[in-house]
1. Among the residues of region 173-195, is any buried (at least 18 other Cβ atoms within 10 Å of the Cβ), among the polar types (S, T, N, Q) and under 19 Å from LEU104 (Cα atoms)?
2. Is it the case, given these coordinates, that LEU5 is over 30 Å from GLY193 (Cβ atoms) and of a type in the set (A, V, I, L, M)?
3. With the condition kept exactly as written, say whether any residue in region 57-64 is modelled with pLDDT of 95 or more, out of contact with any strand residue (DSSP E or B) (no Cβ under 7 Å at 6 or more places or on another chain) and exposed (fewer than 15 other Cβ atoms within 10 Å of the Cβ).
4. Scan GLY170, GLY137 and give me the residue that is on the phi > 0 side of the Ramachandran plot and touching a residue at least 24 places away in the same chain (Cβ under 8 Å).
5. Taking region 137-161 as the region of interest, how many residues are touching an Asp or Glu at 6+ places or on another chain (Cβ under 9 Å) and either under 12 Å from LEU5 (Cβ atoms) or modelled with pLDDT under 95 (or both)?
6. Which is closer than 15 Å to LEU5 by Cβ, modelled with pLDDT of 95 or more, among the β-branched types (Val, Ile, Thr) and touching a helix residue (DSSP H, G or I) at 6+ places or on another chain (Cβ under 7 Å), of VAL117, VAL123, VAL171?
7. Mind listing whichever residues of region 90-99 are surrounded by 18 or more Cβ atoms within 10 Å (Cβ to Cβ) and either in contact with a strand residue (DSSP E or B) (Cβ under 7 Å, 6 or more places away or on another chain) or within 10 Å of GLY17 (Cα to Cα) (or both)?
8. Residue check, ILE129 against (1) farther than 18 Å from THR57 by Cα; (2) buried (at least 21 other Cβ atoms within 10 Å of the Cβ), all met but one. Which one?
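The values are calculated or read from the model by the stated rules, or taken from the named source; none is laboratory data. Just so we're clear, the structure is a prediction, and the values are computed from it rather than from any experiment. Every residue, glycine as well, gets a Cβ built from its backbone with ideal geometry; the counts of neighbours run over all protein chains shown.
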Amino acid sequence: MKVFLFDYDGTLAKDNGFAEEYFKHLTSFFKEKDVLISPNLILDCVEEITKKPDGTTNLERYMKCLESKTKRKAEEWKDLFMDFYRSDLFDTLRNTVRPFRETLDLLSEKKKEGKIVLATNPVFPRIAITKRLNWIGLSEKDFHLITDMESFHFCKPDPRYYLEICEKIGVLPEDCVMYGDDEVNDGACEKTGMKFIKVR
């Protein structure tokens, strides 16, 4: 059985200002709740969970990082972020991504040949990823596995991220093909024995 992995940003979806608007909307949403948060704090914690895996999930490490840098508990941070991802304000970000039609067509073709994995860097929770998929005309049902913060313990470009995918679906790296636009983050799959195909 062949397994085909697809990255999201830059592969399935074209960034039309998502990052900038994401931080703007997030800080605005938190400010209304009298919570101050900066893009630098968010990026620092993303970097920490990328470089310092410790056996806990990315979500757990991310919230613990925020707790360590602020006076707010990890569970409080988690609730705040989940409220944001459930909000109408987050939904307005749908205008900041566009589907890459040719890659979506490729994904559709590969469904006939094997299992499909959304191999997006797991720095978002499932609810946010599901919405981002919907924005480009896809859904959870299009994938055998989705890599999210709640269930993954590594981030790109750590090769163990790709090995964790293989472990979860019960295949060898040699049975997998990774489609992505980033030679560093996506191309790291080759260190495990996977094949990497650059789409841009």
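1. no
2. Numbers: over 30 Å from GLY193 (Cβ atoms): no; of a type in the set (A, V, I, L, M): yes.
Answer is no for this residue.
3. Initially, region 57-64 is screened for residues modelled with pLDDT of 95 or more, giving 57-64.
From what is left, the residues that are out of contact with any strand residue (DSSP E or B) (no Cβ under 7 Å at 6 or more places or on another chain) are 57-64.
Next cut, exposed (fewer than 15 other Cβ atoms within 10 Å of the Cβ) only: none.
Scanning region 57-64 turns up no residue that is modelled with pLDDT of 95 or more, out of contact with any strand residue (DSSP E or B) (no Cβ under 7 Å at 6 or more places or on another chain) and exposed (fewer than 15 other Cβ atoms within 10 Å of the Cβ).
4. Details: GLY170 fails: touching a residue at least 24 places away in the same chain (Cβ under 8 Å).
The match here is GLY137.
5. 3
6. Working: VAL123 fails: closer than 15 Å to LEU5 by Cβ; VAL171 fails: touching a helix residue (DSSP H, G or I) at 6+ places or on another chain (Cβ under 7 Å).
Unique residue meeting the criteria: VAL117.
7. Taking region 90-99 and keeping what is surrounded by 18 or more Cβ atoms within 10 Å (Cβ to Cβ), we get 90, 93, 96-97.
Of everything in region 90-99, those that are surrounded by 18 or more Cβ atoms within 10 Å (Cβ to Cβ) and either in contact with a strand residue (DSSP E or B) (Cβ under 7 Å, 6 or more places away or on another chain) or within 10 Å of GLY17 (Cα to Cα) (or both) turn out to be LEU93, THR96, VAL97.
8. Unmet for ILE129, out of (1) farther than 18 Å from THR57 by Cα; (2) buried (at least 21 other Cβ atoms within 10 Å of the Cβ): (1).
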